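Here the structure comes first, spelled out in structure tokens, and everything after it is commentary.
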Amino acid sequence: MMKRIFLAVPVTQKIIRELAKEIERLKKSLPDWEIKWVTPENLHITLVFFGWVKEDQIKNLKTEIEALVPKSTPFQITTGKLFLKVRPLWLEIEQGREELNRLAEEIGHQLTIKGSLKEERGFYPHLTLGRVKKRGKIKLPLVHEEFSWKANRLVLYESRFVRKQRVYEELFPFPLKGN
């Protein structure tokens, strides 16, 4: 059996609640836009997207990630500006960008199962809020609030469709302990 999986930094429950309010504000300020909004409980920062992986390979992947993660320490993440890149609508990452880049590079390049994010696109740390299906005439608003939390773990998630909704199920958490 195959599972669609990715490694990510989760967003804390407190920030999920705050972002849910911000997403509602953005929905109201963009009434003529068609956007498929990310459900708040699915908010995360993807480090490595693996795509479809055989179930027996996931255990090996877990073991490899467990060996790499203890070298990493918890760090602060703070969001920045709202940004639109063709379809994805995201918040840029201001604080924590270097740490996220390092984690994505170190972990992504040392695993036997390689991620399937397009190499030419490269890794760009961000927090996706939605995917634009059709742009409206109203200008994209500013997000005046910063959202900040301590990244103290990574999570290997399975991505599934349940009743036509994308659901991310936590398979394995990896605490960041560092030295």
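Looking at 65, 138, 77, just one residue is touching a residue at least 24 places away in the same chain (Cβ under 8 Å), loosely packed, with under 12 Cβ neighbours inside 10 Å and not polar (S, T, N, Q), and that residue is 138. Close Cβ contacts (under 7 Å, 6 or more residues apart or on different chains) running from residues in segment 15-31 that are small (Gly, Ala, Ser) to residues that are assigned to a helix (DSSP H, G or I) comprise 20/40. When segment 144-179 is filtered for residues that are closer than 19 Å to residue 129 by Cα and among the polar types (S, T, N, Q), the ones remaining, listed by number, are 148, 159, 165.
I'd like the residue in segment 17-36 that is assigned to a helix (DSSP H, G or I) and over 20 Å from the mean Cα position of the chain (by Cα) and, out of all such residues, is nearest to residue 146 (Cα to Cα). The extreme case among them is 25. Looking at segment 134-149, is at least one residue within 19 Å of residue 21 (Cα to Cα), part of a strand (DSSP E or B) and modelled with pLDDT of 95 or more? For segment 134-149, residues within 19 Å of residue 21 (Cα to Cα), part of a strand (DSSP E or B) and modelled with pLDDT of 95 or more: present.
Just one of (1) over 19 Å from the mean Cα position of the chain (by Cα); (2) within 25 Å of residue 134 (Cβ to Cβ); (3) of a type outside the set (Lys, Arg) fails for residue 42. It is (1). In this structure, does residue 43 turn out to be over 20 Å from residue 158 (Cβ atoms), out of contact with any His (no Cβ under 6 Å at 6 or more places or on another chain), touching a residue at least 24 places away in the same chain (Cβ under 8 Å) and aliphatic (A, V, I, L, M)? Criteria not met by residue 43. Only residues that are among the hydroxyl-bearing types (Ser, Thr, Tyr) and touching a residue at least 60 places away in the same chain (Cβ under 8 Å) were counted in segment 99-117, giving 1. Which of the residues belonging to segment 62-76 are of a type in the set (A, V, I, L, M, F, W, C) and either part of a helix (DSSP H, G or I) or on the phi > 0 side of the Ramachandran plot (or both)? Result: 65, 67, 68, 69. Taking every residue in segment 85-98 that is under 15 Å from residue 8 (Cα atoms) and pairing it with any residue that is hydroxyl-bearing (Ser, Thr, Tyr), at least 6 positions away or on another chain, the pairs with Cβ-Cβ distances below 7 Å are 93/79; 96/78.
Taken as a whole, the condition of being out of contact with any Phe, Trp or Tyr (no Cβ under 6 Å at 6 or more places or on another chain) and either over 24 Å from residue 169 (Cα atoms) or outside any strand (DSSP E or B) (or both) applies to residue 59.
Checked against the criterion of being assigned to a loop (DSSP other than H, G, I, E, B), at pLDDT 85 or above and over 30 Å from residue 31 (Cβ atoms), segment 105-124 has no qualifying residue.
The values are calculated or read from the model by the stated rules, or taken from the named source; none is laboratory data. These numbers come from a predicted model, not from an experiment. Quick reminder, even Gly has a Cβ in these numbers, built from the backbone with ideal geometry, and neighbours come from all protein chains shown.
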